[in-house]
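The values are calculated or read from the model by the stated rules, or taken from the named source; none is laboratory data. Keep in mind that this is a model prediction, so the values were computed, not measured. Note: ideal-geometry Cβ built from the backbone for every residue, glycine included; neighbour counts use all protein chains shown. With ligands, DNA and RNA removed, areas are computed over all heavy atoms of the protein, side chains included. Shrake-Rupley method; radii C 1.70, N 1.55, O 1.52, S 1.80 Å.
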Amino acid sequence: MRVKILFGAGALALLLGGCGGGTEQTPVSYGPIGGESGLELADEQVLHRGNGTEPQTLDPHRAEGVPSSNILRDLFEGLVGEAPNGDLIPGAAESWTISEDGRTYTFIMRPDGRWSNGDPVTAFDFEYGLRRSADPETLSRYSSVLAPIRNARKVIAGELPPEELGVEAVDERTFVIHLNAPTPYMLGLLTHSTCYAVHRGVVERHGSNWSRVESHVGNGAYQLRDWVVQSHIHIERNPHYWDNANTTINEVYYYAIENQDAELKRYRADELDITDTIPQKQLKWIRANLAEEFRVTPYLGTYYFGFNTTRPPFADQPGLRRALSLAVDRDIIARVVSGAGEPVAYSWVPPVRGYAQQEPEEAGWTQEQREAEARRLYAEAGYSEENPLTVEVLYNTSDNHKRIAIALRSMWKEVLGMEATLANQEWKVFLETRKSKLETEIYRAGWIGDYEDAYTFAQLLESANEQNDSGYDNPRYDALLASASAEPDVLRRAEHLQEAERLMLADQPILPLYFYVTKRMVKPWVHGYEGNIMDHIYARHLSILKH
């Protein structure tokens with residue numbers, strides 16, 4: 001009864017409506033997979049993978065968002081690589097050592113590392129790549145993650161030239177990184193595209209066009225072959241890759257499909273081997289009919305909505321922001337609107353090793369208590385039924401995001417009497433709108449950790465962070481993060497980060513809803529697929545079985 005009252009008949013029908021999309025058809029029977037042994041390979045080793053939205057670039061130092069990252073992991077390789085289960089393994093570097101004080105990392109490059117044009121991959125490529133990534137002229141939105149490296153903050157701010165960044169190619173095979181302080185997550189960070197090398201000659205020859213199909217060069221297991229905007233990106237094996245002999249998939253097609261219903265239809269028609277996600281409204285049918293192909297894995301990420309704290313109505317209004325957070329029934333969002341087993345989130349940082357999750361007091365209240373406090377804070381901020389708050393909620397085009405935005409609007413209307421209009425934008429436009437902070441009031445967002453450490457979440461809300469789209473600016477918060485960055489003691493470092501999260505949750509610049517799980521469909525003939533908390537799936541770890 002609670003759900004019906006909350007959403008009303010129209011909204012409830014939209015959010016929980018039937019399967020649709022032709023799911024009344026009889027599920028396909030694939031027959032035997034993998035031949036007699038169960039492991040026989042198909043003659044054609046081509047992978048078709050749904051990839052959500054259209055990537056905005058394949059320049060690893062300018063890319064942002066999961067769709068770009070998925071492709072970049074196949075086109076490039078960092079100093080450190082990842083096993084299918086997420087364990088860190090040698091990548092472009094065959095080995096490394098860490099100094100006793102934890103501040104100096106020395107990497108030995110593979111002698112057989114090659115770019116996709118056949119040139120050797122050397123320590124000088126990584127020196128150039130990291131300097132370029134930190135250079136403000138590159139216009140990276142991720143350069144702040146390099147902050148642990150000596151002089152990185154001053155280089156990013158334009159106060160020092162990129163050559164002063166604490167990275168050094170001693171010779172072609174020896175690369176050294178100097179840190180400000182011991183950084184427990186440093187090896188994991190080096191798997192991120194911000195830390196990739198790029199081919200200096202190609203970048204300098206082609207300028208901003210270097211990452212287009214005709215000039216793109218990478219050092220990963222695959223090379224770029226075609227890019228049809230709003231359709232697909234086609235990559236092929238890089239014959240020069242050092243481990244090409246152990247790569248099985250010959251080609252990968254990444255499809256930009258924002259409509260989850262359309263993606264599921266293409267999957268059922270065997271046009272896709274792996275989907276990016278699933279339509280939430282068809283989850284029940286999927287579990288009943290395609291359970292063996294449905295994969296759910298814990299994912300290091302938080303789904304949230306952000307408040308633009310730089311302009312009215314949310315500037316200098318932590319009580320109003322908290323009122324909107326308290327009015328949301330997260331159990332309904334997680335259980336009914338999403339329903340794939342996502343844990344509700346009252347805090348910002350999901351479960352990570354070495355960190356105690358911080359939850360505000362209201363996490364232990366009943367929903368009725370939360371709503372009563374929400375109404376009190378709403379009135380205290382000067383709003384009422386006669387003078388309702390009116391806002392716009394912005395989200396990127398997606399049926400799943402739309403369903404959640406509709407649910408929030410309904411909850412805010414019921415509990416507070418406020419009015420919210422919904423607006424959606426295509427991914428690239430959406431990112432630019434959020435970044436400008438000129439038009440947003442409330443915006444949808446999700447943050448996926450770049451490495452398994454609480455700092456990857458804490459850093460997003462630092463005042464100077466390029467991706468702090470809420471505009472949150474609290475000097476005490478920034479100081480706690482600075483203390484954590486310089487603290488060699490692991491326990492004290494965690495305490496600084498925990499205090500920072502408590503402070504941020506009291507200020508409420510964001511509204512966390514739930515912690516992510518990955519949920520997708522995977523064909524039974526895709527061999528080697530292994531979910532991991534980072535959701536890093538490399539094509540070179542997969543193969544297509546006979547079917």
Index of the failed condition, residue 368 passing every other in (1) more than 21 Å from residue 506 (Cβ to Cβ); (2) crowded, with 17+ Cβ neighbours inside 10 Å: (2)
Exactly one condition in (1) buried (at least 17 other Cβ atoms within 10 Å of the Cβ); (2) under 22 Å from residue 53 (Cα atoms); (3) free of Cβ contacts under 8 Å to residues at least 24 places away in the same chain; (4) not polar (S, T, N, Q) is false for residue 432; which is it? (1)
Scanning segment 213-239 residue by residue, those in a strand (DSSP E or B) and surrounded by 16 or more Cβ atoms within 10 Å (Cβ to Cβ) turn out to be 222, 223, 224, 227, 232, 233, 234, 235, 236, 237
Residue by residue through segment 127-142, note down the ones that are in a helix (DSSP H, G or I), in contact with a Ser or Thr (Cβ under 9 Å, 6 or more places away or on another chain) and charged (D, E, K, R). 132
Starting from residues that are surrounded by fewer than 21 Cβ atoms within 10 Å (Cβ to Cβ) and over 16 Å from the mean Cα position of the chain (by Cα), keep the ones in segment 435-455 and report whichever is nearest to residue 306 (Cα to Cα). 441
For segment 392-414, check the following and say yes or no: at least one residue is small (Gly, Ala, Ser), within 19 Å of residue 327 (Cβ to Cβ) and assigned to a loop (DSSP other than H, G, I, E, B). no
Inside segment 460-510, can you point out the residues that are of a type in the set (Asp, Glu), within 22 Å of residue 304 (Cβ to Cβ) and in contact (Cβ under 8 Å) with a residue 60 or more places away in the chain? 462, 466, 469, 473, 501, 507
With the requirement that a residue be open to solvent by less than 20 Å² (accessible area, probe 1.4 Å) and in contact with a helix residue (DSSP H, G or I) (Cβ under 7 Å, 6 or more places away or on another chain), what does segment 276-300 give you? 278, 279, 280, 282
So in segment 497-547, with the set limited to residues that are buried (at least 19 other Cβ atoms within 10 Å of the Cβ) and of a type in the set (Phe, Trp, Tyr), which one is nearest to residue 223 (Cα to Cα)? 538
From 258, 271, which residue is farther than 30 Å from residue 91 by Cα, part of a loop (DSSP other than H, G, I, E, B) and in contact with a Gly (Cβ under 8 Å, 6 or more places away or on another chain)? 258
Output the residue which, of all residues in segment 150-171 that are touching a helix residue (DSSP H, G or I) at 6+ places or on another chain (Cβ under 6 Å) and either among the β-branched types (Val, Ile, Thr) or over 18 Å from residue 138 (Cβ atoms) (or both), is most open to solvent (accessible area, probe 1.4 Å). 156
